[in-house]
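The block underneath contains the structure these notes are about, expressed in C-alpha cells.
Readers should treat all values here as calculations from the given coordinates under stated rules, not as data from a laboratory. Owing to the predicted nature of the structure, the values given are computational and were not obtained by experimental measurement. In this analysis, Cβ positions are derived from the backbone assuming ideal geometry, glycine residues included, and neighbour counts consider all displayed protein chains.
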C-alpha cells in the first residue's frame, strides 16, 4: 500500500524509472550546474539566456533565469535522471532533476518563462511534448521573459528555420542562408518560431542583450561552460 501511494503521489519519479540522488553545489546559469561530487549537469531539452562570457554581454533575463534555477535546486536532495545519450561533447551530464514531489525542474523553468525548448533528436518525444506545452502556456500567460521578447518588432524578412535541427536564424545569418530548401521553414515572428518548438541558433540569435534596446541582439559562437 505504501508503494502504491508513493507511485500515485510522485508521477514524475515513476515516469523517470530510476535515477540517482544528488545535491547541487553551484549554479552556473539558467540551465547548467555543478553537483557536490564535481560533475557538471546540463538540463536536457531546454536552453536559458546566456550570461556574459568571452567579452559578450549577458542576454536579457540571464540573471533572473540563473536565480530561478538556483531557487529550485539549491539546498535540496534531487533525483538526477539522464536523458538522451546521457552526456555531451563537453563532458557534461545531460538530464533533468526531479524534486521530492516528482516535479521536473526543466519543465518548471520553462513554465516560469525562465527557459525555452531546445530540441535534440535523441531526446524522448514525450519529454519534448511536455516542454513545448509548458512553453506555449508560458507564452500565452506572459510569464518570465516572454512579454519583452514577444514584443520585439518582427523582422524585415521572416526568420529562417531548419526543420532538421529545429533552430532558427535571422534571414541575414550565413548559417540561415546555408539551410537546404527541403529543410527551410519560414517564421514571421518569434512567437511563431518558439511555438513550433524551434530555438534561436546560437551563431546569430535575435535575443536582446540585458539592458539593451530592441535592436540589440546577442551573438554566441560557443556553448556554455
**Request:** Specify the angular offset, from 0 to 90 degrees and rounded to the nearest 10, of the alpha carbon long axis of helix 125-141 from the longest principal axis of the alpha carbons in the chain.
**Result:** 60
**Asked** Of 181, 155, 57, which is the most mobile in a GNM of the chain whose springs link Cα atoms less than 10 angstrom apart?
**Response** 181
**Prompt:** Taking other Cβ within 10 Å of each residue's Cβ, how do 207, 146 sort, fewest first?
**Reply:** 146, 207
**Asked** How would you order 110-116, 23-29 from highest to lowest mean count of nearby Cβ atoms within 10 Å?
**Response** 110-116, 23-29
**Prompt:** What is the chain's relative contact order, in percent, from Cα pairs under 8 angstrom and six or more apart in sequence?
**Reply:** 18
**Request:** Can you figure out the FRET efficiency of residue 177 with residue 25, using R₀ = 30 Å and their beta-carbon distance, to the nearest 0.05?
**Result:** 0.10
**Complete:** Per-residue Cβ contact counts at 10 Å, fewest first, order 40, 141 as 141, 40
**Message:** What whole-number distance in Å separates the alpha-carbon centres of region 124-145 and region 74-92?
**Reply:** 20
**Prompt:** Candidates [x] 14.3; [y] 12.7; [z] 13.6; which is the computed mean projected area of the Cα convex hull in nm²?
**Reply:** [y]
**Message:** Sort 189, 170, 37, 129 by Cβ crowding within 10 Å, fewest neighbours at the top.
**Reply:** 37, 129, 189, 170
